[in-house]
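The values are calculated or read from the model by the stated rules, or taken from the named source; none is laboratory data. Because the structure is a prediction, the values reported are computed rather than measured. FYI the Cβ positions are ideal-geometry reconstructions off the backbone, even for glycines, and counts take in every protein chain you see. Side chains are part of the model used for accessible areas, which takes the heavy atoms of the whole protein and leaves out ligands, DNA and RNA. Shrake-Rupley method; radii C 1.70, N 1.55, O 1.52, S 1.80 Å.
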Amino acid sequence: MTSKTVKRYLVANRHGAGLPDALLQHVENTVQADQHGQTIRKTRSGRHVIKLSEQTARTLAQQTPGLIVEEDKPIQLAAMPGLPPIVPQAPGITLPLEVRNTNGQPVADCTVYAVGQGIGYNADTDDEGRVTLTVGSTEIDRLIVSPRDTYWSAIFNDIDTDNFTELNAKLQAFDAGQVATWRHRLMGFDQAAPSLTGLGVSVAVIDSGIASTAPSIHPAGGINTLDGSDPATWNIDEKGHGTHCAGIIAAQPAVGESIHGGAPGVALYSVKVFPGGYVSDLVEGIEWCIANNIDLVNMSLGNPEPSEILAAAIAEAFANGITVIAATGNQNTHVAFPAALPDVIGVGAIGRTDSFPRTSAHTLKVGNYRDWWGGLFNANFSNFGSEVLVCAPGVAIASTVPTGYAAWDGTSMACPAVTALAALVLEANPWLRTRDARQPQALRWILAAAAVDMGLPPEIQGHGLPTVPRALAAAQQFTRRF
């Protein structure tokens, strides 16, 4: 038996959280008897994270029907849509670029992608705005310049690698508040009473953290569930992803800034499970949300494969009155897990045709379907299926990142817009906050009832686009109906 057969496993009681003494002792004995065995940690509810050989894990599951023993697999943020797998640069053709803004100043820390047939290369610009990509293929279709913040991306098609000379890219700056206006109007956030901000509603963003350096966001706390990490380091966000999602929900404009989230008054919490997180980290994050009486959980993440233990943790959250809202995924395929679960509200992505420059990479995300009026489109990356409950803006979405503001694409960006809307509904209707399964059940019904049918296929739009006025009206109808 080689070390290659050793895997990380998540072990739980099939009949509820926590392991009875007999099962606990059996698991510990099994770990000790396996030459590769190791107990990594226990979650708050007694679920165990262990390392075992595959054979020992298989035997443990077969001989102990009361246990769920499943591989503790890595979890994934919803990846930047439209990119093929990125490979290391290889000896071959050199593609030099210089990136500057419209004032002629160099733009550092831009990631430049060379995209070919099913493969991609990338590199970052230096302080002078220069970068040279070395690609191993002549079949490069396009170059994409993706700035860290402040500017729109840029796309260059029809790359002739045989006659390539230095490319000079000029990036156009954007006003984050102005860019965000269309989605606020589309979903009716501008029609809510100024006093309606989500005050008193708690929202957890289970993601890559919420950076303390980001403008306009003021989290109330959180936890880092990653192995060996200080639980208090929930305010570090290496990816920027969680910070971007958090801004869509709860950004509070500072003096001289115009961007704001849909529900800036919520109590915002960061549950950090990236980078390098596993299903067990996600489970522990959900357990933390249950223990802290969180109202809404935003999960802009997903895996193609289900997890029985994660599903059980989400069912427990549902029973405790927590509404979980999740991105459907960015692979243009079936809805990812956990958005596919019946206890989760799955959110797909749409875009608007005139909300970004035609020279930006956002043009690559325009799908083939249009709404009744022709101004909106389906995001061509958005996963689809009967599990999609609603959709929301998810193309060229400006929000906070650790270094400022950036415009990103993804169902990851659509998901927090719906979370913000749900927060306003809960504040306006405190009787909905029952702290049991009736709370997420009511919100699911209200969001579906609040959705505007845009004429897109139902497997793409779900019930449609929910709006604030319709959601508030639907909550009142829910009162009369039930």
Problem - Helix-only [θ]222 nm of the chain, DSSP H runs n ≥ 4, -39500 (n - 2.57) each, per residue, nearest 500 - result: -7500 deg cm²/dmol
Handout entry: the chain, dipole about Cα centre (Lys/Arg Cβ +1, Asp/Glu Cβ -1), debye to the nearest 20
Key = 1240 debye
Exercise for the section: Treating each Cα of segment 222-294 as an identical point scatterer and ignoring solvent, apply the Debye formula and state log10 I(q)/I(0) at q = 0.12 Å⁻¹. Expected result: -0.37
Fill in the blank from the handout: Ratio for segment 1-148, C-alpha Rg to 2.2 N^0.38 Å, reads 1.67
Exercise for the section: Skip the ligands, DNA and RNA, and give the accessible area per residue of the chain with a 1.4 Å probe, whole Å². Expected result: 40 Å²
Exercise for the section: Could you tell me what percent of the DSSP beta bridges with both partners in the chain are antiparallel, to the nearest 5? Expected result: 60 percent
Fill in the blank from the handout: In debye to the nearest 20, the charge dipole size for segment 338-433, taken about the Cα centre with +1 at each Lys and Arg Cβ and -1 at each Asp and Glu Cβ, equals 220 debye
Exercise for the section: Using DSSP, restrict attention to beta bridges with both residues in segment 210-368 and report what percent are antiparallel, rounded to the nearest 5. Expected result: 10 percent
Exercise for the section: Calculate how large, on average over all directions, the projected area of the Cα convex hull of the chain is; give the answer in nm² to one decimal. Expected result: 24.3 nm²
Handout entry: Sorted peptide list for 162-170, 110-118, 95-103, 45-53, criterion being average Cβ within 10 angstrom, highest first
Key = 45-53, 110-118, 95-103, 162-170
Handout entry: Over 24 Å (Cα to Cα) - which of Lys7/Lys239; Lys7/Lys42; Lys42/Lys73; Lys170/Lys365 fall in this group
Key = Lys7/Lys239
Exercise for the section: For segment 295-449, state the semi-axes of the equivalent ellipsoid (square roots of 5 times the eigenvalues of the alpha-carbon gyration tensor), sorted largest first and rounded to whole angstrom. Expected result: 28, 17, 15
Completion exercise
Share of accessible surface on carbon and sulfur in the chain, whole %, 1.4 Å probe and ligands ignored, is 49 percent
Completion exercise
Listed by chain and number, the aspartates and glutamates with an alpha carbon less than 17 angstrom from that of Lys51, same-chain partners under 8 positions apart left out, are Glu28, Asp34, Glu70, Glu71, Asp72, Asp227, Asp281
Handout entry: Using alpha carbons only: equivalent-ellipsoid semi-axes of segment 375-482, gyration tensor based, whole Å
Key = 26, 18, 12
Completion exercise
In whole Å, largest first, the alpha carbons of segment 84-186 cover along the principal axes 47, 30, 22
Exercise for the section: Identify, among Val131, Ala57, Ile119, the residue whose Cα sits farthest towards the positive end of the charge dipole of segment 30-173, taking +1 on the Cβ of Lys and Arg and -1 on the Cβ of Asp and Glu, with the dipole about the Cα centre. Expected result: Ala57
Exercise for the section: Using a 1.4 Å probe and counting only protein heavy atoms, arrange Arg142, Arg44, Arg8 so the residue with the most accessible area comes first. Expected result: Arg44, Arg142, Arg8
Practice task
Set Lys and Arg Cβ to +1 and Asp and Glu Cβ to -1, take the dipole of the chain about its Cα centre, and tell me which of Asn292, Val99, Asn320 lies farthest positive.
Solution key: Asn320
